[in-house]
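Take a look at the structure below.
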Amino acid sequence: MLIGPNTVVNFSYTLTSEQGDIIDQSPEGESMSYLHGTSSIIPGLENELIGKAAGSEFDVTVKPEDGYGERIEEMVQKMPRSTFPADAEIELGMQFGAETAQGQVTVVVTEIEDDFVTVDGNHPLVGMTLRFVGKVEGVREATAEELDHGHAH
Ligand code: ZN
């Protein structure tokens, strides 16, 4: 079976930056799965996997436009300290969900001043060229339930 619409794919991978630093990798002996064609992984990787079978290896370099996009300055916001609960411990690097014009996003605290807290809603890998090296571990037909839910089980 080849990767295409309505298939569930298992793959293992190592993600590195353009400079070769390891950013992320699937745990030893484990793979991640996704329902193909649902944009649950970045387009540059999803497109690369089309037509591959179990056992196929891949090595793809993904530009930001096919990855996590370019940095959006509007996603960086300076919020009055008073919008947070008075007893909230706010620390640099802290993440929380925030409601924005783009919907629910995860933001990270990037600066703390006396009266203001700056948060950044950009994905941590935004603007980066990414290299994925890995192997297709399995391809199978999606179940009716998975297609109904729009994700792999
Ligand atoms: Zn489900």
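The values are calculated or read from the model by the stated rules, or taken from the named source; none is laboratory data. These figures come from a predicted structure and were not determined experimentally. Reconstructed Cβ throughout: ideal geometry from the backbone, glycine too, with neighbour counts over all protein chains shown.
Data overview
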read-out: Matching residues, region 1-57, being assigned to a strand (DSSP E or B), among the hydroxyl-bearing types (Ser, Thr, Tyr) and within 16 Å of residue 137 (Cβ to Cβ); value: 7, 12, 13, 14, 33, 34
read-out: Cβ-Cβ under 8 Å pairs, at least 6 apart or on other chains, region 101-123 side closer than 18 Å to residue 68 by Cα, far side acidic (Asp, Glu); value: 107/120; 108/120
read-out: Cβ pairs under 6 Å, 6+ apart, first in region 1-23 and closer than 14 Å to residue 60 by Cβ and among the charged types (D, E, K, R), second at pLDDT 95 or above and in a loop (DSSP other than H, G, I, E, B); value: 18/129
read-out: Residue check, residue 39 closer than 22 Å to residue 151 by Cα, at pLDDT below 95 and either aliphatic (A, V, I, L, M) or surrounded by fewer than 14 Cβ atoms within 10 Å (Cβ to Cβ) (or both); value: yes
read-out: Single match in 56, 82 (criterion: surrounded by 15 or more Cβ atoms within 10 Å (Cβ to Cβ) and of a type in the set (S, T, N, Q)); value: 56
read-out: Cβ-Cβ under 6 Å pairs, at least 6 apart or on other chains, region 58-87 side more than 16 Å from residue 105 (Cβ to Cβ), far side assigned to a loop (DSSP other than H, G, I, E, B) and of a type outside the set (A, V, I, L, M, F, W, C); value: 63/129; 64/70; 64/127; 81/115
read-out: Any pair with Cβ under 6 angstrom, 6 or more apart, that starts in region 133-153 at a residue that is farther than 23 Å from residue 24 by Cβ and among the basic types (Lys, Arg) and ends at one that is more than 10 Å from the ligand (Cβ to nearest atom) and in a strand (DSSP E or B); value: 140/8
read-out: Count of region 112-146 residues which are away from the ligand (no atom under 16 Å from the Cβ), at pLDDT 95 or above and of a type in the set (S, T, N, Q); value: 2
read-out: Residue check for residue 149: touching an Asp or Glu at 6+ places or on another chain (Cβ under 6 Å), within 16 Å of the ligand (Cβ to nearest atom) and not aliphatic (A, V, I, L, M); value: no
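Residue-by-condition table, conditions (1) surrounded by fewer than 17 Cβ atoms within 10 Å (Cβ to Cβ); (2) touching a helix residue (DSSP H, G or I) at 6+ places or on another chain (Cβ under 7 Å); (3) modelled with pLDDT of 95 or more:
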residue: 34; (1), (2), (3): no, no, yes
residue: 49; (1), (2), (3): no, no, yes
residue: 62; (1), (2), (3): no, yes, yes
residue: 94; (1), (2), (3): yes, no, no
residue: 103; (1), (2), (3): yes, no, no
